[in-house]
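Right, one structure below, let's go through it.
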Amino acid sequence: MDTPSLQSPLPLKFSQLLFLALAGACIPLSLAPFDWWWTGILVMAALAAGLNRAGPKHSFLLGWSFGSGSFLTGVSWVYIAMHDFGATPAYLALPMTAVFCVFLGLVPALFCYAYSRWVRDGKAGRILGFAAIWVLCEWLRGWLFTGFPWLYLGYGHLHTALAGWSPVVGVYGLSFWVALSGAALAQVIIAPPSAKRPSVVALLGCALLFGQGYLLAQNEWTQATAKEPLRISAVQSNISQEKKWAYTQYWATLELYDQASEKLWADSDLVIWPEAAIPALYHSAQSFFDYIAERAAANNSALITGVPTRFDEKMHNSAMVISGGEGIYHKQRLVPFGEYVPLSSYIQGLLKIFDLPLSSFSRGGSDQAHLSVKGWQLAPSICYEIAYPDLIAQSARDSDVLFTISNDAWFGHSIGPDQHMQMAQMRALENGRELIRVTSTGISAIVDHHGNIRTRVPSFTQTALRGEVYAREGSTPFTRYGSTPIILLCFVLILCARIGAKQSPRPS
């Protein structure tokens, strides 16, 4: 009997494309808010089985179908951002969202082509090679065209035993396990009896790694410091996106934050306002900030707010300490077409046709200091940045606590805020640090160093988050080394699979 690697490629059928599109569409079920973590394994098993005998060109199309399906369901909130809050008519927002998702689907398509063309037919290619190249696919998507680090498979294991590995290998390491388990399961099902043993061993190995996660979870990589807990309060303004930047609402917004904070100063060491809380440049609202700083200082409290700033003719999306400390942080990872326009000199005229609300922020530097408040070092990030594992790991070093502000109103009532919150929780777990997350509409929460939400307030309500955070010191392996070890491992595995593929006879 021929082994799978010697069988001729099968012709491509529309039913295969449809099946893998539906399989890809199930990826979000493994993530928040559903958290059916096992669906990630089944989805990857379906993909591995679908590519088992497909030629490189057919694999590309199958991967494109799979990837497009996953993004069409997983980031469907892009339509809400465009249509509901971006004033883009439905007849434009719908096809633009579809084009965006289909474009993102090209990255899994490239993965499938490379897997089928260079990796699959080696001795270790169908299982180890599959997992390794999938992780490199996720990693590539994290920086290509400034990056779109969404829908990583590893996030589905924030609350499983596998989470114990997070401080060691990060979310990419968890994604590796999911893809490995799926590929092994596929081979157990479809491989001939004489070729099942390696896949059974791999599946048992995955089960062993899963169980070891329980043991690793007992290890405290970081330690609590002697500092007294920091009493924090955060204003969740619940100002809708359509009102946020309306000129007629400007003074009402100032009054809202003033009155909401007045109730918090007395019993808070730190009060926090969300991303771009005041819809004006800092220098334009400086008299208001001076007044607020006096109110905070009179109560021996500190204030951090998100606010747009301008320095040397460059605009930044910033987080600033207004009172009780020092520091300003400019956002480094900007959202394409939301905070800056790629190739704007070439396409700005075209975008005017669509009447999209664009901004022109500049990136902050990569060597920015922490925000300092009452002797605490806060590692800041703004909105989208919390999705970048290595960016947060670098910032977490020598910090007391992680700190992120966001404006999730763009997501509306979608799965977007839950996905975003899950990423923030993973960053806390990876780095063994508590995390403060403040948003304008939710989810606002305090997360412990194990990635569990300790305190949160209801979304889409005007309220205040109150609680305490505890400083921690030390570093997890992931904080020290980031994703470099797992990415290097994947390159080595692919190289080994490639060498094995060259040595294997190929079908004529």
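What the table shows:
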{"quantity": "Residues whose placed amide H lies under 5 Å from that of T455, excluding near-sequence neighbours", "calculated": "I446"}
{"quantity": "On Cα atoms only, tilt of 484-503 relative to the major axis of the chain in degrees", "calculated": "20 degrees"}
{"quantity": "Farthest toward positive dipole pole in segment 36-178 [+1 Lys/Arg, -1 Asp/Glu at C-beta], among Y115, S175, W150", "calculated": "Y115"}
{"quantity": "Relative contact order (%) - criterion: Cα under 8 Å, at least six apart; region: the chain", "calculated": "18 percent"}
{"quantity": "Whole-angstrom gap from segment 246-264 to segment 357-395, using each part's C-alpha centre", "calculated": "25 Å"}
{"quantity": "Accessible surface of the chain [probe 1.4 Å, protein heavy atoms]: carbon and sulfur percent", "calculated": "62 percent"}
{"quantity": "Segment 71-219 - accessible surface per residue (Å², probe 1.4 Å)", "calculated": "39 Å²"}
{"quantity": "Protection proxy ranking of 295-304, 12-21 - average other beta-carbon atoms within 10 Å, highest first", "calculated": "295-304, 12-21"}
{"quantity": "C-alpha center-to-center spacing [segment 64-115, segment 301-315] in angstrom", "calculated": "33 Å"}
{"quantity": "Net lengthening on full extension, L144/E294 (0.36 nm per residue, minus Cα-Cα)", "calculated": "49.5 nm"}
{"quantity": "On Cα atoms only, tilt of 344-354 relative to the major axis of the chain in degrees", "calculated": "80 degrees"}
{"quantity": "Cβ charges +1 (Lys, Arg) and -1 (Asp, Glu), total dipole of segment 125-232, debye", "calculated": "220 debye"}
{"quantity": "Rough spin-label spacing in nm, given labels placed 7 Å along Cα→Cβ, for W38 and Q259", "calculated": "5.1 nm"}
{"quantity": "12 Å cut-off, amide nitrogen to a point 7 angstrom out along K227 Cα→Cβ, residues in segment 467-502", "calculated": "469-474"}
{"quantity": "Residue-level accessible surface for K314, protein heavy atoms, 1.4 Å, Å²", "calculated": "110 Å²"}
{"quantity": "A90-V200 pseudo-label distance in nm [points 7 Å out on the Cα-to-Cβ vector]", "calculated": "5.5 nm"}
{"quantity": "Global geometry of segment 92-248, whether rounded, prolate or oblate, following the gyration tensor of its Cα atoms and the 1.5 cut on a/c", "calculated": "oblate"}
{"quantity": "In range of the label at Q368: residues from segment 267-286 whose backbone nitrogen is under 16 Å from the point 7 Å along Cα→Cβ", "calculated": "273-278, 281-283"}
{"quantity": "Label selected from (1) 83, 57, 37; (2) 128, 62, 50; (3) 66, 52, 49, the criterion being Cα extents along the principal axes in Å as computed here", "calculated": "(1)"}
{"quantity": "Förster radius 35 Å - calculated FRET efficiency between L215 and Q394 (Cβ-Cβ, nearest 0.05)", "calculated": "0.80"}
{"quantity": "C-alpha long axis of helix 38-50 to longest principal axis of the chain, angle in °", "calculated": "40 degrees"}
{"quantity": "Lys, Arg +1 and Asp, Glu -1 on Cβ, resulting dipole of the chain about Cα centre, debye, nearest 20", "calculated": "2140 debye"}
{"quantity": "Heavy atoms of I382: accessible area, 1.4 Å probe, square angstrom to 10", "calculated": "0 Å²"}
{"quantity": "Per-residue HN-Hα couplings for segment 283-297 [Karplus 6.51, -1.76, 1.60; θ = phi - 60°; Hz; x = Gly/Pro]", "calculated": "5, 6, 10, 5, 4, 5, 5, 4, 4, 5, 4, 5, 5, 5, 5"}
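The values are calculated or read from the model by the stated rules, or taken from the named source; none is laboratory data. Only a predicted model underlies this, so the values are computations on that prediction, with no experimental measurement involved. Heads up, the Cβs are rebuilt from the backbone with ideal geometry, glycines too, and the neighbour counts pull from every protein chain shown. Calculation scope for accessible area: heavy atoms of the full protein, side chains included, ligands and nucleic acids excluded. Shrake-Rupley method; radii C 1.70, N 1.55, O 1.52, S 1.80 Å.
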